[in-house]
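Working notes, structure below.
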Amino acid sequence: MKVAVVGATGMVGEVMLKVLAERNFPITELIPVASERSVGKKLPYKGNDYTVVGLETAVSMKPDIALFSAGGGTSLEWAPKFAEVGTTVVDNSSAWRMDPTKKLVVPEINANELTAEDKIIANPNCSTIQLVMALNPLHDKYKMKRVVVSTYQSVSGTGVKAVQQLENEIAGIEGEMAYPYPIGRNALPHCDVFLENGYTKEEMKLAREPQKIMNDKTFSVSATAVRIPTAGGHSESVNVEFENDFDLAEVRQILSETPGVVVQDDLENNSYPMPIYAHDKDEVFVGRIRRDETQPNTLNMWIVADNLRKGAATNTIQIAEYLVENNLV
Ligand SMILES: NC(=O)c1ccc[n+]([C@@H]2O[C@H](COP(=O)([O-])OP(=O)(O)OC[C@H]3O[C@@H](n4cnc5c(N)ncnc54)[C@H](OP(=O)(O)O)[C@@H]3O)[C@@H](O)[C@H]2O)c1
């Protein structure tokens, strides 16, 4: 496969190269792509250096697959140009996610919807992916009515500028601000931009994307998204009301049998998911599984995953692997 990584110099792009190498993705030619600022830079991959090219050059090279993580504007403009020359694009931005003509895919849940005609495929939002990984198997069994989720999101979710802001604050250096306020020793109830309804765009992604991925509009999701000064992954406090009652041991059993999910819930040994341990791992970790004692058929849990891996790079590459394995590219 001739594979372009668009946004290769960014936070997600860097992890994308690492995960492609780790999983031994069948690459015959790697094309790292970034903005004009980075053209000519060298990026290492499997012991060799590859030169970053611009978008126009990359399109002219007609890659089989282009893995995009370069922001929504770049995707809106350039993904169709790649698709026109026959490239299949898997896009990490929010540009195409809610477009009814594009699939929004978490491979463990709905990769079977993909066909060779899908030339632009959307990767869901990072906080959505870890949420649906845990919700989907429970929905199949108990049928969800309503989910209330509060997120505790890593600065790495905003990109290199935000990680730099936190590092500068820790080192006591003045520098460029990615957020309107300091993030160290702080919590910002403000992920992405505010919308007219008073929610942020991130909160509305969490509300809408699960219904599309799970192909079911019978449940609703209400979200509050908060940025905190961690770097290893996103955490989520999740309250789920089901139509049917559940058994806690069975919930744990279902989750522990779900591919890609790890139950970490041993209170006697203070074992529960945390971003420092989820960091650099592909699994979604679920713990603090308990009954909400204030209303029937309702569950509380805590979900943690590395937003740059399962939340972005790993999910994208799993989609690409599915396409290759099923001769869809
Ligand atoms: N961070 C996450 O957890 C996460 C998770 C899921 C999805 N995403 C999405 O992935 C995308 C990238 O996020 P990130 O965190 O990796 O951001 P980032 O660290 O700021 O990196 C942005 C990348 O995009 C490139 N880029 C920017 N403008 C470009 C242009 N006009 N043409 C070509 N390349 C351009 C940059 O190249 P230069 O280095 O040359 O500027 C860089 O490689 C965003 O759409 C984001 O929403 C991020």
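Bear in mind these aren't lab numbers, they're just calculated from the coordinates by the rules spelled out. Since we're looking at a predicted model, the values are computed, not measured. Neighbour counts are summed over all protein chains in view; Cβ atoms, including those assigned to glycine, are modelled from backbone coordinates with ideal geometry.
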- Message: Need one word for segment 4-141: rounded, prolate or oblate. Basis is the Cα gyration tensor (sqrt eigenvalues a ≥ b ≥ c); a/c below 1.5 gives rounded, then a/b vs b/c decides.
- Response: prolate
- Query: In deg cm²/dmol and to the nearest 500, what is the mean residue ellipticity at 222 nm of the chain if only DSSP H runs of at least 4 residues count, each as -39500 (n - 2.57), divided by the residue total?
  - Reply: -9000 deg cm²/dmol
- Karplus-derived HN-Hα couplings along segment 113-128 (A = 6.51, B = -1.76, C = 1.60, θ = phi - 60°), whole Hz, x at Gly and Pro: 6, 6, 10, 5, 7, 7, 9, 10, 10, 9, 8, x, 4, 4, 6, 5
- Note on the structure: Distance in nm between V324 and E77 label points, each 7 Å along Cα→Cβ, equals 3.0 nm
- Query: Which of K212, K46, K18 moves the most in a Gaussian network model of the chain with Cα springs under 10 Å?
  - Reply: K46
- Full extension between Y45 and N186 adds, at 0.36 nm per residue less the Cα distance, a length in nm of 47.1 nm
- Please build a GNM for the chain, connecting alpha carbons under 10 Å apart, and tell me which residue among S235, S38, S154 fluctuates the most. S38
- Query: Which pairs, out of K141/K212; K2/K201; K102/K201; K161/K201; K18/K41, put more than 25 Å between their alpha-carbon atoms?
  - Reply: K2/K201
- Item | Overall Cα dimensions of segment 1-46 - principal axes, largest extent first, Å | 29, 19, 14
- Report the label-to-label distance for E22 and D292 in nanometres (one decimal), using points 7 Å from each Cα along the Cα→Cβ vector. 3.3 nm
- Roughly what percent of Cα-Cα pairs across segment 143-216 reach past 17 Å? 54 percent
- Query: What percentage of all Cα-Cα pairs in the chain are separated by more than 30 Å?
  - Reply: 34 percent
- Item | Rounded to 10°, Cα long-axis angle of helix 11-22 versus longest principal axis of the chain | 90 degrees
- Item | Spherically averaged projected area in nm², based on the convex hull that wraps the Cα atoms of segment 185-329 | 11.5 nm²
- How large is the charge dipole for the chain, taken about the Cα centre, if only the Cβ atoms of Lys, Arg (+1) and Asp, Glu (-1) carry charge, to the nearest 20 debye? 460 debye
- Return the sequence-ordered ³J(HN,Hα) values of segment 55-60 in whole Hz as given by the Karplus equation 6.51 cos²θ - 1.76 cosθ + 1.60 applied to θ = phi - 60°, using x for Gly and Pro. 5, 5, 4, 4, 4, 5
- What residues have an amide H closer than 5 Å to that of R146, excluding those fewer than 5 places away on the same chain, when H is modeled at 1.01 Å from N in the peptide plane? S220, E241
